[in-house]
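Student: Here it is, the structure, as C-alpha cells.
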Amino acid sequence: MLAFIQQYLTTLIAALLIMSIAYLIFWVALSKKLSNRKIQLSKRAGWSQIKGEIGVTFFSFLGSTAFMLLLLLFKDKGIAKFYIETGKYGWWYEVLIVIFMLLLSDTWFYWSHRTMHHPSIYKYVHALHHKSLDVNPYTSTSFHVLESLWLTIWILPLTIFIPVSITALGVMQVLGTFNNLKSHLGYELFPNFFSVAPFNLLVTATNHSLHHTQYNGNYGLFFRFWDIFCATELNSTDSTFKEIHQRTNEKIIDNSKYKTLVITKIVKENSNTVSVYFKPSDNKFYNYQAGQYLTLKVKLNGKTQDRCFSLSSSPNIDNFLRITVKIKGEVSHYFYYNAKIGDIVEALLPVGDFNFTPNASFEKHYMMIAGGSGITPLFSMIKQMLQFEPMSIVTLLYANASEENIIFQKELNQLLQQYAHFKYSNFISQQKRISKKDLSTVTNTVYYICGPNSLKNGITQHLKDLKVSKTNIHVEHFADGYTPWFGFLRKQKIKIIKKAAFIFLFLSFVFTTTKAQTEIVGTWKDKSHPEKMVIFTQTENIFIGKDINGKIIFKDLKFMKPNKYQGILINPNNNQQFKIFITLNSKNEFTFIVTKLIFSKKLIFLRN
C-alpha cells in the first residue's frame, strides 16, 4: 500500500506542478502578449472549472498509478519483457520501438476515443472530460478513472510480447505528457507552416480544442491520419488554424463568471418543447452570433446542474434572449413543468462555433436542414439571413415525427409570407423523408445541419455523394452531460463515497508511513559466495541482519521508500562500521552498496 501511495503522490504532484507552470506562463504571464493565439477568445475556464478538473485528476491518477504498479508486478513475475540496459538490442532498436509505440498508441487512442463517444458510453465516462469546453493545462489530466486505465492498457500486451526498455517507456511518457499538455493548452503555438505537408499531419492545439466544442470529430492523439482516412476530421479544422494566424489585436473576453438571467416569459411550443425568455443582468449577453448557445447553471433540489442550450432568439432583431428546449433531462423537465416567471438562473455569455454572421453584399444560397428541436439555432440564423442578406436565398428543410411536433410553425409561415427569398418545406417521417434529390447542388450553396444523429449522418453522406465541399457544410453537434457512477447513485451518495475515498487514502498513508515494509525479512545469501548468509528480522520499524552464527552484521536498517533501505554494516572481524544502502531489485534479489569515505563496494544477495 505504501508503494502505491508514494507512487500516486509523486506522479500527482509532478503533474500538478507541470500544469501549474504551464498555466502561469500562458494563461497569466503571457496571456495579453499571446491573445491572438488564444483559440477561444471567450475565456470560460475560471476557478470553478479548474477546481473541478483538479478534483477529477486526483481520481484519474488512482487508475494510472494502479496500472503502473501492475506493470511492475508483471515485470517482477517475468511476464512483461522490460529491461534496464538501454541499447541492449542496439540503439536502432530503441529508436524503432519508440516510433512503433507512437504509432500504436495513436491508433489505440483514436479507436478507443471514438468508441467512448458512442452515446451508450459517452455520458458515463468521457463526458466528464468534455465538461471542460474551454481547455486549459489542467484539462490535460481531467479524465474518468476508467478512461485513464483504458487509454494506457495497450502497453501491457505490448510488453508481454516485445522487449521494451525502461528508457523507451520513459521517452513515451515524456512525449505523451507534453503532447497532452500541448493539445489542452488553449493556445495555438504551432507556426503557420504546420498547415502544409508533412507538418499538417500532426494534431495541433486547435485541432483538439475544436474536438472539445464540437464533439464528434478530431479523435487523434499525435497524428491526424486516422481522422483523415476515416473522414472524422471536423470541417473547420484547417480554416480555424489559418484564421488564428491571421488575427491582429484580438482581446480575450473574460467569460468565466456566471451572471444572472431572469425568466420573463414561458411559451410551450408543443407537448414536449418549451421556449424560455430571459432578461439578462448584463447587456453583453446581446452581443452574440446567431446559432450560439448559453451555458446555464440551474439549482434543482439542492443540486447545481450545468447545461448548454442553443439560443433561438436572433441578435439585432429580438430584444430578448430565448432558448427553446425539448424535454430530456432534469433541467429541461424543470423548464417545461416547474419554471415560473421571475425565476433566476445563472449563465455565461453566449459562445459557440456553430454560428452565422450576415454580410449584406453576399448573394448565396443557404440550405438549412433541421430535425425536431434542431430547428433552434437554425431559426436564429434564418432570421439573420432573411433580414440582413436580401440577395441570398434561404431554403429550410424541416423533418419531424408528426405535424404536432413542428416548432415555430406559426413564425415560419409568417417568414414565408414576408420574404420572397425564403422557401420552406416540412418532412413528416411517415409521409416523406429528406432525400438526396431534395438537396440543392448549386455551386455556392452553403449547408447548415442540426438535428438527431441519424438525420445529420444521412444528410452529410448525401452531400458527400454529391461531391459538396466540406467547407460548405456546417453541422451542429450535441452531447449528453456527464452522468456520475453510471446513473446508479444519487449525488448525495457520490459525495459520501468521495469523502470516504479521501479518508481511506489519508488513513492508509498515515498507517503505512508509520509501519515499515517487510519485503526484506527472511534469509538471503551472497550471490558470489553462497556460503555467506544473512537473516533479516524486524523490531518495530528497525531491521537487523544476523549471520548463521547469530552475530549482528546489519543494524539500524530503516525503510526509506519503496524497495529502498539505509543502515549500518558491521565488519564481524574488527567491528568496523560502514554506511550501506540496500535496493530490492525484486522479491528474490537485493543489491547493497557499502561506503566508507572514498571506499565503495557493491554486492548482490539472493533470497535463500
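Student: Sum -39500 (n - 2.57) across every DSSP H segment of at least 4 residues in the chain, then divide by the residue count to get the 222 nm mean residue ellipticity, nearest 500.
Tutor: It comes out at -10500 deg cm²/dmol, rounded to the nearest 500.
Student: Ok, one more. Taking the dipole about the Cα centre of the chain, with the C-beta of Lys and Arg at +1 and of Asp and Glu at -1, give me whichever of 443, 97, 386 is farthest to the positive side.
Tutor: 97
Student: Return one number: the angle in degrees, 0 to 90 and rounded to the nearest 10, between the long axis of the Cα atoms of helix 491-514 and the longest principal axis of the Cα atoms of the chain.
Tutor: Around 20 degrees separate the two axes.
Student: How far, in degrees from 0 to 90, does helix 47-76 lean away from the longest principal axis of the Cα atoms of the chain, to the nearest 10?
Tutor: Rounded to the nearest ten degrees, it is 40.
Student: Taking amide H atoms as placed 1.01 Å from N in the peptide plane, list the residues 5 or more away in sequence, or in a different chain, whose amide H sits under 5 Å from that of residue 553.
Tutor: Residues meeting the amide H criterion: 545, 546, 547.
Student: So how far, in whole Å, is the C-alpha centre of segment 392-457 from the one of segment 39-58?
Tutor: Using only Cα atoms, the two centres lie 38 Å from each other.
Student: Give the residues of segment 400-416 whose amide nitrogen is closer than 18 Å to a point set 7 Å from the Cα of residue 266 in the direction of its Cβ.
Tutor: none
Student: Could I ask something else about it? Out of the total accessible area of segment 209-306 (probe 1.4 Å, heavy atoms of protein only), what percent is carbon and sulfur?
Tutor: C and S atoms contribute 49 percent here.
Student: Can I ask one more? On a 1.4 Å probe surface of the protein chains, which of 268, 297 comes out largest in accessible area, and what is the full order?
Tutor: Sorted descending by solvent-accessible area, the residues read 268, 297.
Student: While we're here: Answer with a single label: of (1) 30.8, 110; (2) 24.6, 76; (3) 37.1, 117, which was calculated as Rg and Dmax of the Cα atoms in Å from the structure in view?
Tutor: Matching the structure shown: (1).
Student: Quick check: from the Cα gyration tensor, does segment 390-441 come out rounded (a/c under 1.5), prolate or oblate?
Tutor: Note, shape of segment 390-441 comes out oblate.
Student: I would also like to ask the following. Quick one: work out the % antiparallel among DSSP beta bridges in the chain, nearest 5.
Tutor: 75
Student: Cβ neighbours within 10 Å, averaged per peptide: list 408-419, 119-130 in order, most packed at the top.
Tutor: Averaged packing, sorted descending, gives the order 119-130, 408-419.
Student: Follow-up question, since we're still on this one. Suppose every K and R has +1 on its Cβ and every D and E has -1 on its Cβ; what is the size of the dipole of the chain about the Cα centre, in Debye to the nearest 20?
Tutor: The calculation lands at about 1380 debye.
Student: For the chain, find the longest principal axis of its Cα atoms and tell me its angle to the long axis of helix 166-183, 0 to 90°, nearest 10.
Tutor: The answer is roughly 30 degrees.
Student: Relative contact order of the chain: what whole-number percent is it, with Cα pairs under 8 angstrom and at least 6 residues apart?
Tutor: 11
Student: Accessible area, 1.4 Å probe, largest first: how do 37, 322, 433 sort?
Tutor: From most accessible down to least: 433, 37, 322.
Student: What FRET efficiency comes out for the pair residue 73/residue 257, r = Cβ-Cβ distance, R0 = 35 Å, nearest 0.05?
Tutor: In this case the efficiency is close to 0.15.
Student: Give 555/601; 88/532; 33/470; 284/383; 242/303 a once-over and call out the pairs whose C-alpha atoms are over 30 Å from each other.
Tutor: Result: 88/532; 33/470; 242/303 exceed 30 Å.
Student: For residue 257, list the aspartates and glutamates whose Cα falls under 18 Å from its own Cα; do not include residues on the same chain fewer than 8 positions away.
Tutor: Partners within reach: 53, 134, 282, 306, 346.
Student: Also, quick follow-up: Given a 1.4 angstrom probe, I'd like the percentage of the accessible area of segment 76-203 that is carbon and sulfur, rounded to a whole number.
Tutor: 75
Student: Per residue, what accessible area does the chain have, given a 1.4 Å probe and all protein chains present, in Å²?
Tutor: That works out to 51 Å² per residue.
Student: Still on this structure, I have one more. Given the C-alpha centroids of segment 361-389 and segment 303-360, what is the distance between them in whole angstrom?
Tutor: So the two Cα centres are separated by 18 Å.
Student: Straight-line reach only, C-alpha to C-alpha below 20 angstrom: list the aspartates and glutamates that residue 437 could link to, leaving out same-chain residues fewer than 8 apart.
Tutor: Leaving aside aspartates and glutamates fewer than 8 places away in the same chain, those within reach of residue 437 are 465.
Student: Moving on to the next point. List the residues, sorted by chain then number, that are 5 or more residues from residue 44 or on another chain and whose placed amide H is less than 5 Å from its amide H.
Tutor: Correct list: 255.
Student: How many angstrom lie between the Cα centre of segment 182-214 and the Cα centre of segment 256-284?
Tutor: Cα centres, segment 182-214 to segment 256-284: 35 Å.
The values are calculated or read from the model by the stated rules, or taken from the named source; none is laboratory data. Fair warning: this is a prediction, and the values are worked out from it, not measured in the lab. Every residue, glycine as well, gets a Cβ built from its backbone with ideal geometry; the counts of neighbours run over all protein chains shown. For accessibility, only protein heavy atoms count, side chains too; no ligands or nucleic acids. Shrake-Rupley method; radii C 1.70, N 1.55, O 1.52, S 1.80 Å.
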